[in-house]
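Student: Structure provided below as structure tokens; questions to follow.
All of the numbers you see were taken from the coordinates with simple rules; none came from a lab. In this text, all values refer to a predicted model and were calculated from it rather than measured experimentally. Cβ atoms come from the backbone with ideal geometry, glycine included; neighbour counts cover every protein chain shown.
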Amino acid sequence: MKRVTCKCLAWGCAAALWMGFAPLAAGQPAAPDQAAGVAMSPQPKDPRTRAKAHTELGALYFQDGNLIVALEELTLAAAIDPEYAPAFNIRGLVLYYVKEFDSAEKDFRRALSLEEKNPEISNNYGWFLCQTGRAAESIQYFERAYENPMYQTPVNAYVNAGACHIRIDELDRAEEILRKSLRLMPNNPQAMYHLADIHYRRGNLDAARKQLLEVLSLVDPGPETLWLLLRVERRLGNRADEQSLTTQLRRKFPDSAEYQELLKGNYE
């Protein structure tokens, strides 16, 4: 089955919930959060236990890229227990990937109405808003998440917030947030990629190049990382490195949006 590789769920859909997704390539935002583990008992009787089991199974199908079956399991969970917030939270993510954006938003809002202070739901809804062109609106939800002392993975929300601050050209705030994430998780390739993007946008090309080379020393690059480094090398006048990166992008990611931009000559 095809693994879900979310454009924002970064690092192999570590995005998709820190539930065992293979890491995505550098360049994608940190990612939503999801419940971990599956405990399928034989036909449990109480609705909450049954809803939880179907939700966890749906999350695993989502992780494996089987979106249709994931939706079936999560819809069943929501029907069994309409008050179980995680079912709506994770179904919102799946609906995003099948491009049912209105339905996804309804599910995220339903999940928040049930568990307003749940940091995973806040992070995921913020991620959804940022991915659907509402980056400014998303920030408050990331703040809710990373300011919650009970949140076990605040790095997710910090990185997502940093990426979305970049989208609305709030580079100083983005850098501040991303550096906080690195204090919690040093050498986090996602945060490092976004810092490189900030350096590039500011014209600090040597700093951007150094940061990207550090990312490449940690993970295999995705199209976003190759494309950003290619543009850095181009502006620095390093033609041999630019050509090498062009070849890698064409060979590894011929269907990527980044390669299509390269073909069009849209370097900025």
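Student: Using the 10 angstrom Cβ neighbour count as an exposure proxy, how do I177, I68, I168 rank, fewest first? Provide the component values of the computation, followed by the final result.
Tutor: Values: I177 26, I68 10, I168 15.
By the 10 Å Cβ count, ascending: I68, I168, I177.
Student: A further question on this structure: Fewest Cβ neighbours within 10 Å first, please rank K45, K52 accordingly.
Tutor: The fewest-first ordering by Cβ neighbours comes to K45, K52.
Student: What pairs from K180/K264; K106/K180; K99/K210; K45/K99; K117/K210; K99/K264 go past 29 Å between their alpha carbons?
Tutor: Violating the 29 Å Cα-Cα cut-off are K180/K264; K106/K180; K99/K210; K45/K99; K117/K210.
Student: Which of rounded, prolate or oblate describes segment 133-243 when judged by the alpha-carbon gyration tensor and an a/c cut-off of 1.5?
Tutor: Details: a/c = 2.55, a/b = 1.81, b/c = 1.41.
Prolate, because a/c is 1.5 or more and a/b exceeds b/c.
Student: Also, quick follow-up: Most exposed first by the Cβ proxy, i.e. fewest other Cβ within 10 Å, how do F142, F101, F128, F253 rank?
Tutor: Least to most surrounded, the residues fall as F101, F253, F128, F142.
Student: If each residue of separation counts as 0.36 nm, what is the full-extension length gain between D172 and R235 once their alpha-carbon separation is subtracted?
Tutor: Values: separation 63, 0.36 × 63 = 22.68 nm, distance 2.28 nm.
Contour length minus Cα-Cα distance gives 20.4 nm.
Student: Could I ask something else about it? Counting other Cβ atoms within 10 Å, which chymotrypsin sites (Phe, Trp or Tyr not before Pro) in segment 181-268 have at most 15 and lie in a DSSP loop? Numbers along the way, then the final one.
Tutor: Numbers: sites: Y193, Y200, W227, Y259, Y267; in loops: Y267.
Here the sparse-neighbourhood loop sites are Y267.
Student: Run the simple label-point estimate for R250 and T49 please: 7 Å along Cα→C-beta, distance reported in nm.
Tutor: 6.0
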